[in-house]
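Notes to accompany the following structure.
Derivation of every value follows stated rules applied to the coordinates shown; laboratory data play no part. Remember, predicted model here, so these are calculated numbers, not experimental data. Here Cβ is always computed from backbone atoms with ideal geometry, including for glycine, and neighbour counts include all displayed protein chains.
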Amino acid sequence: MTLDLSTPEFLIERNRDRCIDCKVCVNQCANEAHTYDEEEGKVVSDDTKCVNCHRCVALCPTKALSVRKYPLEFRSHGTWNAHYINSIYKQAATGGILLTGMGTDKNYPIYWDHLLLNASQVTNPSIDPLREPMELKTFLGRKPDAVKIENGRLAEKLPPQLELEVPIMFSAMSFGSISLNAHKSLARAAQEMGTFWNTGEGGLHRDLFPYGKNTIVQVASGRFGVHTDYLNSGAAIEIKIGQGAKPGIGGHLPGEKVGREVSLTRMIPQGSDAISPAPHHDIYSIEDLRQLIYSLKEASNYEKPISVKIAAVHNVAAIASGIARAGADIIAIDGFRGGTGATPLRTRDTVGIPIELALAAVDSRLREEGIRNQVSLVIGGSVRNSADIVKAIAIGADAVYIGTSALIALGCHMCQRCYTGKCNWGIATQNPNLVKRLNPDIGAQRAANLVKAWSHEIKELLGGMGINALESLRGNRLMLRGVGISEKELEILGVMHAGE
């Protein structure tokens, strides 16, 4: 028997004057933090099992519950704070890797918050998006160096493009890591808003094939669920090389999450672990990647753009240049603050670089080499609001992926325990009793509402800058100014300081 000396993270407080022992909290908590004591005839709580998902607090009919951080104080020490001490206690007790979910919670700089937008004043009048046309339509895919126009029409066929009504797409999150109802919510929202959602690396459930015109299908190292019908069901194909929350690491879906539907979709035995290797075992060079890109183009009759997703790492600009020259039509870059269902804690918190710096470096490199038109850039990893999106486009992005934001819209409360499969909100789980807590009709409407609200705000921000089309902002870093960041950071971002 091992001794776990770590303290609980959260303290459950129950107001006994309000609690009526109705057992709602007992029935709602998948982590069994609440139980009914038959002898005492009352509900009791176990702080060690609480993940602070807010479910019990939100649904308690008498508002008798609250949850707060556990109040135990450690001796003040500049190096050894409670986080690191408790981490060692846990690993000494288990001998295992510390796992976590969602994005890093360490206090790294968020450069979106240090960038300000320009606004129109006297000499450049602003635009009222309620009364004047405002264009957010975006096309993702390879653009030719020049086009022929005959009789007012294009005289040649353009490479395949994704047409987005708004520059926002839903990030790759696999069936298995999240529920089928979550996938249905995102697929329906993408269809309603004229944008796209991404299957992630777990294949496409048969019920979602009708949403193919708004689907990006992913090919990852494990090749789960990849077959000809799958490749041809979507509007684009994405090769996943890396992920912002865990660069250089593969994926692992535990066998307990691989039920019948996940098994059929991923084409693996029921109850078996789905392990995605860190590398693609057929890609060890840009030339190998080029071969896979053109294999997928052949398989899809050259009718779909091919995207390559990479994590934001220190040499990301050089990597992106190679990917563009290898024939990719879209490059998706995922920053280190990106979310995930499960990753080693130390990898999440210490590997990779912020998406703002990666995007600026890649856009600058591709422009310097004269190949920026050959690929579209999509970024993800901590896109939290419409202002982040506008700033990303000004730095050089064509569109953004949102993952955590989308899940929060569905009801996620950021308890960061996705890897347990006990998501009390029906999102990161395959437990049928938990899955049904997420109504896909309601989820779809909430996700669509988020995109709709952000699109309105993007128009307002563009109008305030005197810009009536997203295309006029793309890569226009003169519309940005930095505050509270170093000269080197400003240099990499390609942005002047406020006041210049």
Q. Gain in length, Asn124 to Glu73, computed as 0.36 nm per residue apart minus the alpha-carbon separation, to one decimal in nm?
A. 12.7 nm
Q) How about the stretch 97-193: which trypsin sites (Lys or Arg not before Pro) there lie in a loop by DSSP and see at most 13 other Cβ atoms within 10 Å? A) Lys106, Arg131, Lys137, Lys148, Lys157
(Q) Quick one: the Cα spread of the stretch 138-497 along its three principal axes, in angstroms, biggest first? (A) 53, 45, 40
**Q.** Dipole-positive endmost among His77, Ala92, Leu59 within the stretch 10-96 (Cβ charges, Cα centre)
**A.** His77
Q) Share of Cα-Cα pairs in the stretch 373-474 beyond 22 Å, in percent? A) 43
**Q.** Given charges at beta-carbon only (K, R positive; D, E negative), |dipole| of the chain in Debye
**A.** 360
Q) By counting other Cβ atoms within 10 Å of each Cβ, how are Thr35, Thr62 ranked from fewest to most? A) Thr62, Thr35
Q) Of all GluC sites (Glu not before Pro) in the stretch 70-156, which ones are in loop regions per DSSP and have a Cβ with at most 12 other Cβ atoms within 10 Å? A) Glu73, Glu156
Q) When the label point is put 7 Å from the Cα of Leu478 along its Cα-to-beta-carbon vector, which residues of the stretch 124-168 have a backbone N closer than 20 Å? A) 124-127
Q | Dipole in debye (nearest 20) - the stretch 10-96, about Cα centre, beta carbon charges: Lys, Arg +1; Asp, Glu -1 | A | 420
**Q.** Residue pairs, from the table Lys246/Lys422; Lys184/Lys436; Lys148/Lys297; Lys309/Lys459, whose Cα atoms sit over 19 Å apart
**A.** Lys246/Lys422; Lys148/Lys297; Lys309/Lys459
Q: Note down the relative contact order for the stretch 327-430 as a percent, whole number, built from C-alpha pairs under 8 angstrom at least six residues apart.
A: 29
Q) Once you have the alpha carbon radius of gyration of the stretch 187-253, what is it after dividing by 2.2 N^0.38 Å, with N set to its residue count? A) 1.12
Q) What number, rounded to the nearest 500 deg cm²/dmol, is the helix-based mean residue ellipticity at 222 nm of the chain, given -39500 (n - 2.57) per DSSP H run of at least four residues and division by all its residues? A) -8500 deg cm²/dmol
Q: No other cysteine beta carbon under 4.7 Å away is the test; run it over the chain and list who passes.
A: Cys19, Cys22, Cys29, Cys50, Cys60, Cys412, Cys418, Cys423
Q: Only loop residues by DSSP count here, and only those with at most 13 other Cβ atoms within 10 Å; note down the GluC sites (Glu not before Pro) in the stretch 287-324 that meet that.
A: Glu303
Q | Pairwise centroid distance, computed over Cα atoms, of the stretch 471-493 with the stretch 150-184, Å | A | 28
**Q.** DSSP bridge pairs, the stretch 138-497: antiparallel proportion in percent, nearest 5
**A.** 20
Q.
Can you tell me, using C-alpha contacts under 8 Å and at least 6 residues apart, the relative contact order of the stretch 350-488 as a whole percent?
A. 24
(Q) In the stretch 363-426, if the dipole is taken from +1 on Lys/Arg beta carbons and -1 on Asp/Glu beta carbons about the Cα centre, which of Ile393, Leu377, Gly426 is farthest to the positive end? (A) Gly426
Q: Among Ile331, Ser321, Pro125, pick out the residue whose Cα is farthest towards the positive end of the charge dipole of the chain, where Lys and Arg carry +1 and Asp and Glu carry -1 on C-beta, about the Cα centre.
A: Ile331
Q. After finding the eigenvalues of the alpha carbon gyration tensor for the stretch 416-481, what semi-axes result from the square roots of 5 times each, listed largest first in whole Å?
A. 39, 15, 8
Q: Enumerate the whole-percent occupancy of each 10 Å bin, from 0 to the last occupied one, for all C-alpha pair distances of the stretch 10-96.
A: 16, 40, 24, 18, 2
**Q.** the chain: relative contact order in percent, alpha carbon pairs under 8 Å with at least 6 residues between
**A.** 19
